[in-house]
Amino acid sequence: MTIKQLPAREEIEDRYKWNLAKIYANQELWQADPEEVRAMLPEGEKFRGRLGDSAESLREFLIWEEELFQRLEKVYLYASLRQHENNADQQAQAMRGAAESLAVAASTLVSFFSPEVLSIPEERLNEFLQDPKLELYQKLIEDITRMRSHTLSPEQERLLAGASEMAGSFDTIFSMLTDADIEFPKIRDRRGKAEQLSSGNYVRFLQSSDRVLRRSAYEGMFDTFGRYANTIAATLDASVKKDNFYARARNYESALAASLDGDNIPEEVYHQLIATVRGFLPRFHDYLELRRRKLGLTELHMYDLYVPLYPELKTGFSWDEAQSIVLEALHPLGGDYVAELTAGIAGGWVDVYESRGKSSGAFSSGVYGTDPYIMLNYQDNLSNVFTLAHEAGHSMHSFYSRRSQPYVYSDYRIFVAEVASTVNENLLMDHLLRHAATREELNYLTNHYLEEFRGTVFRQTMFAEFELKAHQLAQAGESLTSQRMNEIYEELNRDYFGPGVLVDDRIAKEWMRIPHFYRAYYVYKYATGFCAASALAQGILDADPAVAAANRERYLRFLAAGGSRDPLELLADAGVDMTTREPLVKALDLFSELVDSLLRQ
């Protein structure tokens, strides 16, 4: 029997690959840039101990630092994207390793900057900030002074910066293990047809109406991960300890406090999310019971959670169709937005299809002075159309920010990173619902919308709670063994999915395959971003054209603002106050309404 194998990258047509030649025309040109960056490093020493001499000295350093890191980020981006193309490519691994080492050297060199700025007497620093030459950098310096109690001496900062390459290795180890080394089994459907399981096609199998195939994929995935349980547990345990170490070193009470402080987010926002979502779990359980009944099952298993409750009226979405649908759905954002995205996709922003060794999942990446790049592992289903809309939202946020802001404020904060991506998903859903031709199609899309809530609000909040528990246990001195993390994760699944879902020992291993756990306290931003985006999208789609236009312009200003202001302030100006429960409750009330619309049938 013929088994479908993943293609090698060379077998995929160039039009389905991103165009990295726009960063460097060839590898030889890339190799020249790390040497130029390395040659710049000694220049940095001349600024050490001189930042407080004058406003001009401080400005000169900031200009030099910008030039250094613009070059360095370009070097790292190219090497990183090359490795994502094929994690088994030894040359790409070496390039990324060299870029990471260079980044550590640069970060270590400039680590004196914040402590030295803080050593300038407050009155003198305020005088500097009155100088028009430093006007551009006023927010940057204000952010540094806000972190005064968490900034160490120059020597200590240099030591921590020098350790960053080692500290970041846990994510790399996890990625190499799960994307390059682990081999997943062949699975079979109810007719005995064999398919190759991979991280990229796992969810597609879970969406199949063939329950034998779903169960086979589920068991194959977690039985495989289970064989590496001790290795992955040790890697995550070390990563959590690293987070806690850096928090202690910087005088924070916890890794949560340290993580949120960078975005100037109160801890209450995190705890408020968990409490609010837990308050809506009974309604989530109503949805899961609806799912069980619609599927005609006596028991609802974890591998039954992804299959659509209603038949998909269109069974496949080609890549070209996906582009057309997404671009049409985004018209409420205006002609400039759609035109720029259209040109970007045509111009090599996107790496479309899965291939052997390619990183799993999807992301958007890029740096100042380059295009944004989107990595997909496109499968021809509606979920992947939404993934395109999501990643395009990230890329267009970056595009607008880098087009509008100077380098120093061109990167938006992580807290708002998931807002633009999810606004696009909301606009796509609205477009599809408005064009639904039949009750069956409307039901299918409503179910899909509910699944977005399940995956982005309920599931990511459960992840956030797992992270919080893991860090708290490690901080208390407990070792995070695979058995302990299985116990934590299984208990959370029982809480979140309720008595109507059979929680088995395989789902207890799911934490092993979540890459975001190596970026501490990231996943909660998916949930907060979804709720903020829901409110913003409703404003952009307001029935009053004048109101909709005003809300669109506020939103586009938000995209263009980059990191020029704090995230909560930017969102408030766009119309959403995330310090309150209101956006969370508003989104979850919509979830309840959607559940009720299906229950009434």
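The values are calculated or read from the model by the stated rules, or taken from the named source; none is laboratory data. Only a predicted model underlies this, so the values are computations on that prediction, with no experimental measurement involved. As a convention, Cβ positions derive from the backbone with ideal geometry for all residues, glycine included, and neighbour counts pool all protein chains shown.
A few points about this structure:
- Among the residues of the range 242-291, those identified as without any contact (Cβ under 8 Å) to a residue 40 or more places away in the chain and more than 21 Å from Pro583 (Cβ to Cβ) are Phe245, Ala247, Arg248, Glu253, Ala257, Arg291.
- Only residues that are in a loop (DSSP other than H, G, I, E, B), of a type in the set (S, T, N, Q) and either in contact with a Ser or Thr (Cβ under 6 Å, 6 or more places away or on another chain) or at pLDDT 95 or above (or both) were counted across the range 468-527, and they come to 1.
- Of the helices (runs of 4 or more DSSP H) contained entirely in the range 247-298, those carrying at least 2 residues that are farther than 24 Å from Leu492 by Cα fall at 255-261, 281-295.
- Considering each residue of the range 4-12 in turn, at least one proves to be exposed (fewer than 14 other Cβ atoms within 10 Å of the Cβ) and in a helix (DSSP H, G or I).
- Unmet criterion (only one of (1) surrounded by 15 or more Cβ atoms within 10 Å (Cβ to Cβ); (2) of a type outside the set (Gly, Ala, Ser); (3) free of Cβ contacts under 8 Å to residues at least 40 places away in the same chain) for Leu77: (3)
- Pairing each residue of the range 17-30 that is in a helix (DSSP H, G or I) and of a type in the set (Phe, Trp, Tyr) with any residue that is buried (at least 16 other Cβ atoms within 10 Å of the Cβ) and modelled with pLDDT of 95 or more, provided the two are 6+ apart or on different chains, yields C-beta distances under 6 Å for Trp30/Tyr24; Trp30/Tyr78.
- Residues located in the range 510-520, provided they are surrounded by fewer than 23 Cβ atoms within 10 Å (Cβ to Cβ) and either farther than 16 Å from Ser359 by Cα or not hydrophobic (A, V, I, L, M, F, W, C) (or both): Glu510, Arg513, Pro515, His516, Tyr518, Arg519, Ala520
- All positions within the range 180-210 that are of a type in the set (Ser, Thr, Tyr), buried (at least 16 other Cβ atoms within 10 Å of the Cβ) and touching a residue at least 60 places away in the same chain (Cβ under 8 Å): Ser198, Ser199, Ser208
- Some residue of the range 198-216 being within 26 Å of Ser479 (Cα to Cα), within 22 Å of the chain's Cα centre (by Cα) and either part of a helix (DSSP H, G or I) or assigned by the TED database to the domain that holds Ser479 (or both): no
Quick grid of which residues meet (1) in the same structural domain as Thr456 (by the TED database); (2) polar (S, T, N, Q); (3) without any contact (Cβ under 8 Å) to a residue 24 or more places away in the chain:
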position	(1), (2), (3)
Val501	yes, no, no
Ala546	no, no, yes
Ala561	no, no, no
Leu570	no, no, no
